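Single-structure report; data block below.
The values are calculated or read from the model by the stated rules, or taken from the named source; none is laboratory data. Here the structure is a predicted model, which means the values were calculated and not measured. All Cβ positions, glycine included, derive from the backbone under ideal geometry; neighbour counts span all protein chains shown. Areas reflect the complete protein model, heavy atoms only, side chains present, ligands, DNA and RNA absent. Shrake-Rupley method; radii C 1.70, N 1.55, O 1.52, S 1.80 Å.
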Amino acid sequence: MSKLFASITGVQGYVPDTVLTNQDLEKMVETSDEWITSRTGIKTRHIFKEEGKATSDMALRAVEGLLAKTGTKPEEVDLLLCATITGDMVFPDTANTVCDKAGIKNAFGFDINAACSGFLYALTTGAKFVESGSHKKVIVIGVDMMSSIIDYTDRTTCIIFGDGGGAVLLEPSAERCGIIDSVFHGDGSGRAYLNMKSGGSLSPTTKESVENKEHFVFQDGRPVFKAAVSGMVGSIKEVLDRNELAIDDIDWLIPHQANMRIINSVGSMLDFPEEKVIVNIQKYGNTTAGTLPLCLSDFEHQFKKGDKILLTAFGGGFTWGTTLIEWAY
Ligand code: UT7
């Protein structure tokens with residue numbers, strides 16, 4: 001039997017309507033549009049504010065758009081993976097909630113918790129099911145409602161994060177396209193620098209943990225910044241080397257959107273032409289697992305069949321890696 005490739009046959013992003021601008025944040029914490037813009041590149045982020053709605057509802061809107069756009073019936077989907085760190089509940093998982101809400105009845109699903117690298121980890125996991133021949137229509141979601149775990153009195157984190165995400169459909173193809181190769185790494189010692197302290201088994205939520213704001217994101221930005229640059233650059237080089245590719249062979253670089261200065265450092269360390277680096281951080285900020293599918297969705301119209309695209313991410317864990325894809329349509 002000839003090799004099967006997991007081809008991306010559609011993508012759909014979703015961001016909520018409510019926009020939080022730098023000017024809004026100036027009224028909430030001691031910060032300025034100038035500081036946020038020059039240190040992060042972010043101008044606005046979107047916030048999901050609908051009574052009784054959560055991460056699964058943002059995912060649902062992306063999935064419904066994806067099904068419509070690709071002409072896929074919900075019952076045809078046989079696997080759904082959801083990369084998120086802000087699932088509706090600690091358990092059950094959000095993937096199965098999305099399936100229930102979308103009428104996806106013939107699939108199994110599970111969540112992948114790898115923070116900002118979650119979408120890439122999930123994409124490769126989903127691709128393995130397609131490549132093995134066991135599954136034919138796999139939805140991979142990357143989505144986060146970061147506003148649910150952000151302290152809007154902490155200027156070091158509230159200026160960075162936003163809500164949103166997207167979904168892709170993976171289908172088998174005999175033609176070489178889709179997910180070609182991935183390099184992933186992890187370093188659990190990085191948990192000291194980026195975490196949410198309470199709400200897990202180490203520190204179940206208590207009145208004190210809430211008073212100490214341990215149910216919010218904590219980040220020691222500088223070490224994360226350095227590790228993000230070296231992790232993304234290193235894994236990009238590994239993918240290029242083992243696929244015998246040079247920077248010139250790559251049509252687009254899609255980096256996780258955490259900080260414009262990180263994106264610029266990665267681009268310049270690799271001598272990557274600026275016009276080939278995909279950026280939308282100014283609009284959405286850092287949507288954690290949502291950044292990469294949102295980039296795919298925003299720039300889908302510019303991709304051509306056969307384009308070689310590198311997706312790279314770094315996030316809490318630490319988790320990081322790079323995936324090479326060839327655009328299928
Ligand atoms: O997506 C997951 C992975 N996450 C990342 O990749 C994020 C990596 N880190 C970063 O993007 C950056 O470290 C931050 C954007 C979080 C912070 O930028 P920075 O240039 O590293 O700033 P810093 O933490 O070194 O702080 C510099 C100064 C400090 O003041 P002093 O000590 O020099 O007086 C901060 O208190 O800037 C101050 N500061 C602010 N000032 C105005 C920190 N946040 C703000 C703010 N507005 N919002």
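For this structure, a couple of remarks:
- Count of residues meeting criterion [out of contact with any Leu (no Cβ under 7 Å at 6 or more places or on another chain) and crowded, with 18+ Cβ neighbours inside 10 Å] in segment 235-259: 7
- Lys213 vs. criteria surrounded by fewer than 18 Cβ atoms within 10 Å (Cβ to Cβ), under 28 Å from Pro16 (Cβ atoms) and in contact with a His (Cβ under 9 Å, 6 or more places away or on another chain): no
- Subset of segment 275-291 (residues that are in contact with a Phe, Trp or Tyr (Cβ under 7 Å, 6 or more places away or on another chain), away from the ligand (no atom under 11 Å from the Cβ) and either among the aliphatic types (A, V, I, L, M) or open to solvent by less than 40 Å² (accessible area, probe 1.4 Å) (or both)): Ile278
- Residue match in segment 303-323 (condition: farther than 26 Å from Asp220 by Cβ, in a helix (DSSP H, G or I) and either within 16 Å of the ligand (Cβ to nearest atom) or open to solvent by 10 Å² or more (accessible area, probe 1.4 Å) (or both)): no
- There is at least one residue in segment 67-80 that is open to solvent by less than 40 Å² (accessible area, probe 1.4 Å) and either within 16 Å of the ligand (Cβ to nearest atom) or in a strand (DSSP E or B) (or both).
- Of the residues making up segment 264-274, those that are crowded, with 18+ Cβ neighbours inside 10 Å and within 16 Å of the ligand (Cβ to nearest atom) are Ser265, Val266, Gly267.
- Asn212 falls short on exactly one of the conditions (1) outside the structural domain of Asn96 (by TED's automatic domain parsing); (2) within 16 Å of the ligand (Cβ to nearest atom), and that condition is (2).
- Test: residue in segment 250-271 that is farther than 27 Å from Thr37 by Cβ, at pLDDT 95 or above and not in a strand (DSSP E or B): yes
- Of the residues making up segment 88-110, just one is outside any helix (DSSP H, G or I) and surrounded by 24 or more Cβ atoms within 10 Å (Cβ to Cβ), namely Ile104.
- Strands (runs of 3 or more DSSP E) enclosed by segment 120-219 - at least 1 residues per element that are at positive phi and touching a residue at least 12 places away in the same chain (Cβ under 8 Å): 163-173, 178-186
- Ile42 vs. criteria modelled with pLDDT of 95 or more and either open to solvent by 20 Å² or more (accessible area, probe 1.4 Å) or in contact with a Gly (Cβ under 9 Å, 6 or more places away or on another chain) (or both): yes
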